[in-house]
């Protein structure tokens, strides 16, 4: 039986009685001893603590005090709350009590026995009810038990709904699945069901109608649920947070499918953008995703990932998305500064599922399958076989291949071999034309797709259990993911086990949290993967028999005859070698513990510890029969001209290349949490703590030759690695590589931090935060080993003011923050750093190369961050959202700067740069209809721009700025900038013409080496400066339909075109070949230059990096569409509580794009693959 009276503004719900404790042994073969020992220790510890928790004692001595006064004293000593119906229990009657050191339940019996009051203890709440006497002689009436579910008009369960018997005081609360049970002394009556945001509903019951399905209708002016913001250090109510953050709940995370948790944030997260491609010619310090643009130039550009309160050091692909409960993105100084020097690029806080108190065990099965279309390798035009043969005929006539022909062994294409046969009079002109015509009808891409590619398929399965009692909650899950990649030789699978347990001990004063996560993944692919060298290359004949092709080194006739049969087969047949030879195995362990103790009612202490270890084994095993092994052995072989014996410095057998890497992290934290209200006007909250962390990374590698898989031995001991061996086919010499490599880093940090939040009248908030980090990698000077960081924030609930006009939105809140985040670059140190080569020089020594000179002035990167925000909502949240402006000033950024040559170096990497980034974030949500058809819209719009305000060196030339501006940034422009050479009309020979000192010129070398910036054109940023999404969700009965449109704009990219230099070096993937200048007069119809031999690199670059090839990247994309169907209680006899199905389609196409060439700016070379997925979720 449940008896409730909500006290004050408490929004907690406490179902009773608690479900029976559920436990289940998990027997999984890859669980390690670490898990077994930790679980055993946990059980022993828990048993001891639970027994100890029963020792809660109360001392109380009062004489004729009111019941309310006595209850207050018990609350103060025990930390428990009393809930009761004021109309049923008198608070003013006097009671005398004298007890000392008695258990809580004994004291309660003494107190309430005097007033005939019954009590029930649930969690940290004591429920009171009057005891009724049964009149003598009257038989005891049996109770009527009523049960059922509370759901909304879409059939979705409503957790924590209140159910009450009309005209009585019997009450209960629905659990997390909407299920309820209630008892009454009446055989018939009416139940009243209510829930926040829903209209009250009355439904009759009777002795013959005791299983009910109660449907609540949504209210128009539904109140916003209380939201909790997780910073990784603490959970705070949204209304108390002054900083900038974005929250993504479980339903939004699971809207899409995918094995990488961060991929699911694409297109649904405000301020966050996925950098699909980097501008051509750039690449320093690039990140796959960014939060509010750039905060660094050469330093670490990646956001900090927090998993269950600690930085995550492992591979993100090890996190199972099905285990995630919520994600919070921290964007400004006030939100993220608590993480100090790790937070310069923003913070993504991931919280896993924990289970729920007082909930019976819930078993969930999730399964989905996703299929992508086969890669479209022809989405961008390239030379046809006939066009490429035409190019080869022209080059053959001009003598390009003569030197290769003359050396007798060098690679020649099939077309050139035919032309050579004609030159040698082995075939006639007619036969040559016939053979070339036949070759021109071959299509290498068709065979490539047929024999080496497939439609990728991904499967995900997860089984989870969650629930809890009054003092324990748990979540246990096991997952299996399998993927077959684009290439037939590529696959990946992942197994995961996740266990989270929380224990509430000592009558709720102590919390113990233990999380164990184990992940094992294995991937495989072909590290010697084949790619066609010529557009007409055939890998099979008409009968499907594998054909030999050139490997790019040797001519086919030479490979067929070299050594007169004494060498190993030297022919390369790609179809026979398309198998997995590379495997990677990763095992990741994570133990997360937390112990919290309520020292005082307003003071809590928390101690956290994390241990994480990751081990990766990568092996490339080339079978002795593979072409790679045969080619390596033959290359270094020699034949004695007298005896005919073959000498092989490299022994024949398997070749095994091993790379082992690993890391382990220790992270400890102690903090004190203070929270106290002073009357009804003032509230003070704060944390003070310190932490230490250590991250150790090691990796090693070696190569074993003549490896025997059965005995796991090699023949390395018979190899002279210092000897320079002659190549069989020319005079080149080389050593056999040992492949030995050892690398390691140790990163140690210690920090102290504090955070204070003050609230007045619940409408004025002030937050202060400070932190100091110290690292072993920075600074020789003691005053530079650490960096102090701080932030301050305010918020004002304007709509709560008396002067606030009614015509404005019902809710309006202003926020402002300012402070500093930090960033570190692990590759730069204050000390002299050098790396040792793994190849000996001619003296047998292993030389060392200086990576960076000593720099005792090195300091942390610092980012000053200003944020102004306005949150709003109309009545009933019909329209709600936020508008934010931010400004980031980053200084002491890592960059390159020149130094005096007499120091022995010409440049160094240090604090030589600064950067400014500013932008706007808009988020608007609307409830368009809220009746039988529910239609909701979410619009995200983001504007961001960055500009370099200082850099230690200028680009050496215009070509350096145009081709590789990220390595040589320029002040006043974005980090990723698109510059180009301005060009004018071609001359009458088809030569491109640019500008040198503002004069039309064909001095290609002069234009490349010029420093005159007026000879260049600046187009704009290479990354989107405007981006966002529009999500519409429509619900009707048990169906839900949603679709997402994403857009990007305000940026440029450089498209591919005819590249003279690359084309003449066997690259046939150029476009615009048919549009090139070919005769006088074409200069008026085309801007594509003529082809010249030999190719002139600076002439090629003038066109390749010209303004003619820069395009706008703006586009609108139909990202995805999802439809779902949910059934509640479809098969009660099978124990199925809920059954959900969904279908999901992704990358449905680009609706509009600014460029007229049909190029997808997010992929540029090939279109993104469309995919379709199906899945189901069953809850028992």
**Message:** Need one word for segment 228-367: rounded, prolate or oblate. Basis is the Cα gyration tensor (sqrt eigenvalues a ≥ b ≥ c); a/c below 1.5 gives rounded, then a/b vs b/c decides.
**Reply:** oblate
**Asked** How big is D for segment 1117-1179, in µm² s⁻¹ as a whole number, if Stokes-Einstein is applied with the Kirkwood radius of its Cα pairs at 25 °C and 0.890 mPa s?
**Response** 171 µm²/s
**Prompt:** Where in segment 427-447 does the amide nitrogen come within less than 18 Å of the point 7 Å from the Cα of residue 386, taken along Cα to Cβ?
**Reply:** 432-446
**Request:** Give me the distance in nm between label points sitting 7 Å out from Cα along the Cα-to-Cβ direction at residue 421 and residue 92, one decimal.
**Result:** 11.5 nm
**Complete:** segment 856-928: relative contact order from alpha carbon pairs under 8 Å, six or more residues apart, as a whole percent, is 35 percent
**Request:** Would you indicate which of [x] 59.9; [y] 57.7; [z] 52.7 is the value of mean projected area of the Cα convex hull in nm² derived from the coordinates of this structure?
**Result:** [y]
**Message:** Testing the spin-label approximation: label points 7 Å from Cα along Cα→Cβ at residue 1013 and residue 190. State their distance in nm.
**Reply:** 7.9 nm
**Request:** Evaluate the relative contact order of the chain (contact order divided by residue number), counting alpha-carbon pairs under 8 angstrom at least 6 apart; express in whole percent.
**Result:** 9 percent
**Request:** Please report how far the C-alpha centroid of segment 1115-1180 lies from that of segment 59-74, rounded to the nearest whole angstrom.
**Result:** 61 Å
**Asked** Based on the Cβ-Cβ distance from residue 875 to residue 760, what FRET efficiency comes out when R0 is 22 Å, to the nearest 0.05?
**Response** 0.25
**Prompt:** If the chain between residue 522 and residue 287 were fully stretched, how many nm would it gain, using 0.36 nm times the residue separation less the Cα-Cα distance?
**Reply:** 82.1 nm
**Asked** Which value in nm describes the separation of the simple spin-label points at residue 694 and residue 62, placed 7 Å from the Cα toward the beta carbon?
**Response** 5.3 nm
**Message:** Compute the helix-to-body angle for 33-53: its Cα long axis versus the longest principal axis of the chain, expressed 0 to 90° and rounded to tens.
**Reply:** 20 degrees
**Request:** For segment 697-755 and segment 486-553, compute the distance between their C-alpha centroids and round to whole Å.
**Result:** 24 Å
**Fill in**
Here the FRET efficiency for residue 735 versus residue 1152, based on Cβ atoms and R0 = 51 Å and rounded to 0.05, is 0.35
**Asked** Pairing the Cα long axis of helix 385-397 with the longest principal axis of the chain, what angle in degrees results, from 0 to 90 and rounded to the nearest 10?
**Response** 40 degrees
**Message:** Restricting to DSSP H runs of at least four residues, report the calculated mean residue ellipticity at 222 nm for the chain, -39500 (n - 2.57) per run over all residues, nearest 500 deg cm²/dmol.
**Reply:** -3500 deg cm²/dmol
**Request:** Pull out the extension gain between residue 493 and residue 857, defined as 0.36 nm times the separation in residues minus the alpha carbon to alpha carbon distance; nm, one decimal.
**Result:** 126.4 nm
**Request:** Would you work out the relative contact order for segment 1117-1179, in percent, from Cα pairs under 8 angstrom that are 6 or more residues apart?
**Result:** 38 percent
**Request:** With a Förster radius of 35 Å, plug the Cβ-Cβ distance of residue 1041 and residue 276 into 1/(1 + (r/R0)^6) and report the FRET value to the nearest 0.05.
**Result:** 0.85
**Message:** Between 0 and 90 degrees, rounded to the nearest ten: what's the tilt of helix 104-113 against the longest Cα principal axis of the chain?
**Reply:** 30 degrees
**Request:** With the convex hull built on the Cα atoms of segment 144-216, state its orientation-averaged projected area in nm².
**Result:** 4.2 nm²
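Any read-out appearing in this document is the output of simple, stated calculations on the displayed coordinates, not a laboratory observation. Bear in mind that the values here come from a model prediction, so they are computed numbers and not experimental data. Because the Cβ atoms are built from the backbone with ideal geometry, glycine has one as well, and the counts that use them run over all protein chains shown.
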